[in-house]
Amino acid sequence: MKKFVLCITGASGVIYGVRTLEVLHPEFDLDVVISSTAKVVLKEELGLVQEDLEKRFPRARFWNEKDFTAPIASGSTLKLYEAVFVIPCSTGTLGCVAGGVNINLIHRVCEVALKERVKLVMVVREAPYSLIHLENMVKLTKAGAVIVPASPAFYHGPKTVDDLINFVVGKVLDQVGLDHSLFKRWKEGRL
Ligand SMILES: Cc1cc2nc3c(=O)[nH]c(=O)nc-3n(C[C@H](O)[C@H](O)[C@H](O)COP(=O)(O)O)c2cc1C
């Protein structure tokens, strides 16, 4: 069974992380880390607390952001994983990872993913971007991460907010070659 780490940080759009969980659970082996600020945003945007997600996704392992003893903090374990997703990714987490600073488990997992060459996909959400944000994205791209902006497209004819969410999540799954039908590809069904 393929293994993934899913990190949810305190940017707007925690629904992207929750939708990714819905798509991957229970088919895949999942470790989940939700930052303390993400918990605030989870309550604010979706009216949910972490325990709600733990009940909804019982096969996933949830880790405290301060638990550096989690197996996923170690390269020998993370090497067995297909990818680490940070969805959504705040500019704070972006900056910590770009600077090699490990304040929480999410930063550490990202650092380990980069050093072990495990795929790292960061769905950054902020508007507008400062030069610092852009430089951090360049730095992380050079280090091997893939930056997927939380910006849905409109060429697939979205009708609902769900369609927009699914587009971004589908783009993330594309990065790891997971088959999905979250959005219609360009000209799909029109040829
Ligand atoms: C409701 C709410 C929405 C936020 N939205 C964003 C956002 O879209 N992007 C961002 O970079 N930070 C956003 N922030 C600020 C981050 O949560 C803050 O920088 C925090 O330190 C990030 O920590 P984390 O990366 O450990 O979750 C938001 C905060 C709150 C409370």
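Read-outs: derived from the displayed coordinates by stated rules, not from any lab. All values derive from a computational prediction rather than experimental measurement. Every residue, glycine among them, receives a Cβ derived from its backbone with ideal geometry; neighbour counts consider all protein chains shown.
Summary table below
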{"item": "Dipole of the chain, positive end: most advanced residue of 15, 134, 92 [Cβ charges, Cα centre]", "result": "134"}
{"item": "Computed magnitude of the charge dipole of the range 49-191 (debye, nearest 20; Cβ of K, R +1, Cβ of D, E -1)", "result": "360 debye"}
{"item": "Hydrodynamic radius by Kirkwood, which averages 1/r over all alpha carbon pairs of the range 81-191, in angstrom", "result": "14.9 Å"}
{"item": "Charge dipole (the chain, unit charges on Cβ, about Cα centre) - positive-most of 47, 37, 114", "result": "114"}
{"item": "Isotropically averaged projected area of the chain, using the convex hull of Cα atoms (one quarter of hull area), nm²", "result": "11.0 nm²"}
{"item": "Computed [θ] at 222 nm, deg cm²/dmol, the chain (DSSP H ≥ 4; -39,500 (n - 2.57); rounded to nearest 500)", "result": "-12500 deg cm²/dmol"}
{"item": "Percentage relative contact order, the range 3-175, counting C-alpha pairs under 8 Å, at least six apart", "result": "24 percent"}
{"item": "Qualifying lysines (Cα of each under 23 Å from Cα of residue 55; at least 8 residues distant if same chain)", "result": "2, 3, 39, 43, 66"}
